[in-house]
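Asks: Take this structure, written in C-alpha cells, and hold onto it; I'll ask about it next.
Read the figures in this text as sums done on the coordinates, not as results from a lab. What you see is a predicted model, and the numbers here were worked out from it, not measured in a lab. Note that we place each Cβ from the backbone using ideal geometry, even for glycine, and neighbour counts take in every protein chain shown.
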Amino acid sequence: MKVCIFGAGAIGGYLGVQLSRVGVEVSLVARGAHLAAMRSNGVRLHIDGAERVARLPCTDDPTELGPQDWLIITLKAHSIPDAVESMRPLITPDTTVVTAYNGLPYWFFASDRSRIPNGTLESIDPGGRQAAMLGNERAVGCVLLPATEVVTPGVIRHEHGHRFPIGEPLGERTRRITELQQLFAAGGLEAPIRDDIRDEIWLKLWGNSCLNPIGALTHATLDRIVGDPGTRAVCRAMMDEAKAIGERLGLKLRVDADRRLDAAGALGPHRISMLQDLGQGRPMEVEALVGIVAELGRIVRVPTPATDIVLALIRLREKVHSTDHPPRTEARAGFREGVLAS
C-alpha cells in the first residue's frame, strides 16, 4: 500500500510518522528548509514526552513518487489550487483522495446543487480545477482535530489529540472508508467513521472562522481568546451568523457555541494555525476560513455584520503581513513557500 502525504507540515508530518509505524509505504511532499531537515535528519516528532524519528522518502517533486493508493492532502487550503496540477503523477483511477485540511473541501457542495449553483464556489475551487483533476468520486473527508506545530524545520511538536473523523461525502459505509479507518487505527490514531462528515467539517469551520482570525489579530492563545469576555462575545456573534447560514444550507451542528468554544479553550495556551503562520511569515488562510462564511452568507441571504468586521481587519492584517513577508515561489512543486498545513 502506497500513501503520499502532500503538504507534510505539522499535521502532515505527524501523520507521516504515525503511519510509518504501520508498515505501509509512506512518502511526504514538502518544501524548503522543512524538507531539507526531514531529508537530513528524518521527521522528528515530539509526542508523549518522547521523540519518534521516521526516515521517509521526502521530495518537492511528486513525479519521483509515482501512483499512490492514498493521497492525503494536508496543504493549507489557499495553496491547493496552485498545487493541484502537480498531484497528477500520484493519481490513478483507483487512488483515494483524503481531503485533510481546514476550510471546505472542493467536493463539499457537489451533491447540493439546489442550494449552491453548479455545486461549486470559486473561492473553494477556482475554475473547478480540483474537481477536474482529483475527482469528486475519489474523495473522502477527514477532519483535523489534533493540535500540532512545527517548532523548527523537521521537528514537530504534538500538543493534543489523536482524532481524525472521516467519512464518505454522501455518508455511505464503503470498503475504502473502512480501510482508511483501519490504517489510521494501526498508526495509533482515532478515525471514527461519520455518516455526516459534511456536518463535522462545518463544525470545525464554525470554530475556525472566528478563533483563527481573532488569534492572529490579538496574538492570544486559545485559552485566552475564549476566556476573555470581549473576544468570546465576538466569537459568539460570528458563530450565530455562521449557524444561521448552515441551517439555510441544511447543515447541522451537534454542539452549541459555548461547548465548541470551551472545547477549544481546553487546548490551553495553543497558538492557533493563523497565528503560527503570522509568526513564521507564511500566508494565512483568510479566505478559506473567514471569507467563505461571508460569501455563503451573501448567497443564502443571511447578514454577517460581525464576520464582515473581523474579515476586513484580518484581510488588512494579511495585506500588511504579505508586504512585510512576500512569498517565495518554486516552480517544481507548483505551490508557494510556507503553505504546509499546521
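Asks: Rounded, prolate or oblate: which fits segment 198-324, taking a ≥ b ≥ c as square roots of the Cα gyration tensor eigenvalues, rounded meaning a/c under 1.5, else prolate when a/b beats b/c? Mind showing how you got there, number by number?
Replies: Values: a/c = 1.82, a/b = 1.22, b/c = 1.48.
Oblate is the answer for segment 198-324, as a/c is 1.5 or above yet b/c matches or exceeds a/b.
Asks: Also, I was wondering about something else. Take peptides 223-236, 155-168, 48-61 and line them up by average Cβ neighbours within 10 Å, highest first, as a rough protection proxy.
Replies: 155-168, 223-236, 48-61
Asks: Restricting to the chain, compute how many DSSP beta bridges are antiparallel as a %, nearest 5.
Replies: 35
Asks: Kirkwood Rh over Cα pairs of segment 2-196 into Stokes-Einstein at 25 °C, 0.890 mPa s: D in µm²/s?
Replies: Working: Rh = 16.9 Å.
The calculation lands on 145 µm²/s.
Asks: Kindly provide the helix-only [θ] at 222 nm of the chain, computed as the sum of -39,500 (n - 2.57) over DSSP H runs of four or more divided by all residues, to the nearest 500 deg cm²/dmol?
Replies: Value at 222 nm, helices only, nearest 500: -12000 deg cm²/dmol.
Asks: Now for a different question. Counting Lys +1, Arg +1, Asp -1, Glu -1, what net charge surrounds HIS270 among other residues with beta carbon under 12 Å of its beta carbon? Present the calculation step by step, with values, prior to reporting the outcome.
Replies: Numbers: positive: ARG157, ARG224, ARG271; negative: GLU149, GLU159, ASP223.
Net local charge, HIS270 excluded: 0.
Asks: Determine, for each peptide in 201-211, 18-28, the mean count of other beta carbons within 10 angstrom over its residues, then list the peptides with the highest first. Write down the numbers at each step before the final one.
Replies: Values: 201-211: 23.9, 18-28: 20.0.
Per-residue Cβ counts within 10 Å, averaged per peptide and sorted highest first, yield 201-211, 18-28.
Asks: Provide the net charge surrounding THR148, with neighbours chosen by a C-beta distance below 9 Å and charges set as Lys +1, Arg +1, Asp -1, Glu -1.
Replies: Charge balance near THR148 sits at -1.
Asks: Around PRO57, with a cut-off of 13 angstrom between Cβ atoms, what is the net charge of the other residues, counting Lys and Arg +1 and Asp and Glu -1?
Replies: Spelling it out: positives minus negatives among the neighbours equals -1.
Asks: Checking understanding here: applying a Kyte-Doolittle mean of at least -0.5 and a length along the axis of at least 24 Å (C-alpha), which whole DSSP H helices in the chain pass? Don't skip to the end; give the middle numbers.
Replies: Numbers: long enough: 197-218 (31 Å, 0.22); 229-248 (29 Å, -0.44); 305-324 (29 Å, 0.10).
In the chain, the long hydrophobic H runs are 197-218, 229-248, 305-324.
Asks: While we're looking at this one, here's another question. So, how do all the Cα-to-Cα distances of the chain break down into 10 Å bins, in percent, from 0 on up?
Replies: Bins of 10 Å from zero give 6, 27, 37, 25, 5, 0 percent of pairs.
Asks: Next up: As a footprinting exposure proxy, order MET274, MET87 by other Cβ within 10 Å, with the fewest listed first.
Replies: Least crowded to most crowded, the residues run MET87, MET274.
Asks: While we're here: How many Lys pairs in the chain lie less than 20 angstrom apart by Cα atoms, where the lysines are 8 or more positions apart or on different chains?
Replies: 5
Asks: Compute all pairwise cysteine Cβ distances in the chain, then list the cysteines with no distance under 4.7 Å to another cysteine.
Replies: CYS4, CYS58, CYS142
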